[in-house]
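Read the structure below first, then the notes.
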Amino acid sequence: MQKLLYTIERDNHNEKNLRDILSKNKHIKFVSLMGVDLGGNATDEKIPMELFLDDIDNFLESAVQTDGSSVELYNIATLNNAKVDLMPDTECTWFIDYNFEHIDEETNLPVGTLRIPAFLIHENKKVCSRGILKKSEKYFKNSIIELFREYPHLINNIGIEKADDIEDIILTAATELEFWVNTPEDKADLEKLSVSQSLKEQYWKRTHGIIRTCLEKSIIVLQKMGINPEMAHKEVGGINSSISIDGKTNHAMEQLEISWKFSSPIQTADNELLVREIIEDVFTSHGLEVTFKAKPIHGVAGSGGHTHVGVSAKLKDGSIKNLFAPRDMNKDYVSEIGYGALMGILKNYEVLNPIVTATNDGFNRLVPGFEAPVCIVTSLGHSYKLPSRNRSVLVGLVRDIKNPKTVRFELRSPNPLSNTYLVVAGCYQTMLDGIKAVAKSKLTTKELEKEISKDIGEESFYLEKNRSYRDENDVFEYYTIEERNERFSVPPATVYENMRNLEIDKSKVDVLKMGDVFTEAIIDSFKTGAIDKWTKELNNRIIQNDREIIRNCVKLHNNENMDALDEVTWNKICDIKFKVMKDTLTKKSLFTEIKEAIEFNDFEKVSKLQLELNGYIEDIQALYADYKKNIY
């Protein structure tokens, strides 16, 4: 396996070098163009290598046609206008995806597919996630240089004399990936999982057996692909597995995390897609199931995909300046630029949130008590010399007082299936809005620190009056839900409530549309797709699953083991079963009401009924758990 080629870097994306490389690696049999639609889905097709080698230049310079019905581009690729082209991206790293179950007879090596990241083109426009992020990077870089020329104090205060001293603006991003692994067919024991989580029996503990092997193999493959993993460990969720008499792992159910080195935004997003594929391939090849769902098991820890963003300037003398780092780390948390970026995310989060959390699964994770950020609030630290890393906030400041290069922001709300391309693009759009406002204000770092630390009711040059944006407390322990809603605003509770912000907050939507990065058509397509998937999943999956939960709540007591308490509890369970599931001549069940509201596109009603349903399902599960415990 040491002979395997894992990447082809951008310097080799020309006919001469490609022909030479591929002729030496005859086990690479296919080419696949990886376009990423607005839903974050990556295309994968098998084009025989012979066709690629026949005319490499033409393949790279022209586009491969595909049917728009196969990608998620609502209201863009329509039935009467479905032609979508895949255009290879020659400016990023290409990867080789190996099928270790298919060995090439000639070389005795696994058959490989050359994965080439690509853009989706419709009517000569890039309409894909990669294209949006690419445009966002370019717009941010150009805009920030213009700002520095107009407001030189921004860079003077961090030690850069003038904008012409800057050779390039460097955008960096990184993600962390949490996921659950289990042996097939095993059912979650919610009580065991909950107790293990509260006792922190799994967090950072040593992995064992086949899970350890898979984790180590995944890291090794990632290293070979140049993704540079930095750490892998057990997360808070999970229970101890057991080993059978023949040495096999039984009843595995563990939560793991892998993180890797930062890169450019587009490479970071490409890498995350590949990391998910590698992890899934490695673990499933050893008989384990992997899920990247945000909340695969109700009542225990969900999985996050924390996203880090940073901005630096490369100067013509070769030095690098972190634009978020203050001149003196002992006297300020961040620079003026850093405060602007942070304020931009917080003020405009209502329109960034729909991009971050666009699914029922994503909302299942965003509940208080599981280190999942619900409130639009940040934490800077208890003092300049004492970083806090408050895990209850939406945006965290990451800083090492001894190393200014590490200063960056961590958005804690994304989950493993959030569309990282769009999330990062949205972050840079909102950060730029805040930086522009700070530049025009000409406020000092001390004045900006006071602004972001303002209390509700206090005026601000940029932030909203009736909101608080900074808190160093655990916001879930320190405040009641009413106090949180008053200080940080009421968070959306369903996909519809979230998508509605893209219609209500027009001025904030304009921030996403700056530089024509998120166009009206793109925003409409994303919103339409999210609502369509929300209703279909609710109608065809969630209601079906809830129906099974209700049907499995069966009567267990009889005359011999019955107590009045059992009878009272069982009657409460029956009341919920009847309200949620049973239609009568005079009354429709909650299930039927939801289905009819979906049919009539009454999304506001659907949203309210879904929240009502969620409450009933939580109640009946808790009641039935207590009921079962009392039956001997």
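So is K405 among the basic types (K, R) and either in contact with a Lys or Arg (Cβ under 9 Å, 6 or more places away or on another chain) or not in a helix (DSSP H, G or I) (or both) or not?
In short, yes.
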Item to check | the range 1-22: number of residues that are touching a residue at least 60 places away in the same chain (Cβ under 8 Å) and assigned to a helix (DSSP H, G or I) | outcome: 2
Checklist entry - So which of A439, A425 ends up being assigned to a helix (DSSP H, G or I), over 18 Å from the mean Cα position of the chain (by Cα) and either within 30 Å of G35 (Cβ to Cβ) or not β-branched (V, I, T) (or both)? => result A439
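Any idea which residue in the range 486-504 is modelled with the highest pLDDT, counting only those that are of a type in the set (V, I, T) and in a loop (DSSP other than H, G, I, E, B)?
Start the filter on the range 486-504 by keeping residues that are of a type in the set (V, I, T), which leaves 490, 494-495, 504.
Subsequent filtering for residues that are in a loop (DSSP other than H, G, I, E, B) retains 490, 494.
On the way: V490: 93, T494: 96.
If we take residues in the range 486-504 being of a type in the set (V, I, T) and in a loop (DSSP other than H, G, I, E, B), then T494 is modelled with the highest pLDDT.
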Item to check | First in the range 150-172 and outside the structural domain of T406 (by TED's automatic domain parsing) and crowded, with 16+ Cβ neighbours inside 10 Å, second anywhere and aliphatic (A, V, I, L, M) and not in a strand (DSSP E or B), Cβ under 9 Å, 6 or more apart | outcome: none
Next on the checklist: Among the residues of the range 64-73, are any polar (S, T, N, Q), within 20 Å of A269 (Cβ to Cβ) and surrounded by 12 or more Cβ atoms within 10 Å (Cβ to Cβ)?
Outcome noted: no
Checklist entry - Which strands (runs of 3 or more DSSP E) sit wholly inside the range 287-326 and have at least 2 residues that are over 26 Å from the mean Cα position of the chain (by Cα)? => result 307-315, 320-322
Checklist entry - Can you name the residue in the range 93-116 that is touching a residue at least 24 places away in the same chain (Cβ under 8 Å) and farther than 19 Å from V221 by Cα and, of all such residues, is surrounded by the most Cβ atoms within 10 Å (Cβ to Cβ)? => result D104
Checklist entry - Restricting attention to the range 613-629, does a residue exist that is farther than 20 Å from F363 by Cα and not in a helix (DSSP H, G or I)? => result no
Next on the checklist: Given the criterion part of a loop (DSSP other than H, G, I, E, B), touching a residue at least 60 places away in the same chain (Cβ under 8 Å) and under 29 Å from the mean Cα position of the chain (by Cα), identify the matching residue among N25, N75.
Outcome noted: N75
Checklist entry - in contact with a Ser or Thr (Cβ under 7 Å, 6 or more places away or on another chain), in the same structural domain as H122 (by TED's automatic domain parsing) and either of a type in the set (A, V, I, L, M, F, W, C) or on the phi < 0 side of the Ramachandran plot (or both) - does that describe any residue in the range 49-57? => result no
Item to check | Selection from the range 516-526 of residues that are in contact with a helix residue (DSSP H, G or I) (Cβ under 8 Å, 6 or more places away or on another chain) and either surrounded by 15 or more Cβ atoms within 10 Å (Cβ to Cβ) or not in a helix (DSSP H, G or I) (or both) | outcome: V517, F518, T519, I522, I523, F526
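The values are calculated or read from the model by the stated rules, or taken from the named source; none is laboratory data. None of these values were measured; they are calculated from a predicted model. Glycine gets a Cβ as well: all are built from the backbone with ideal geometry, and neighbour counts include every protein chain shown.
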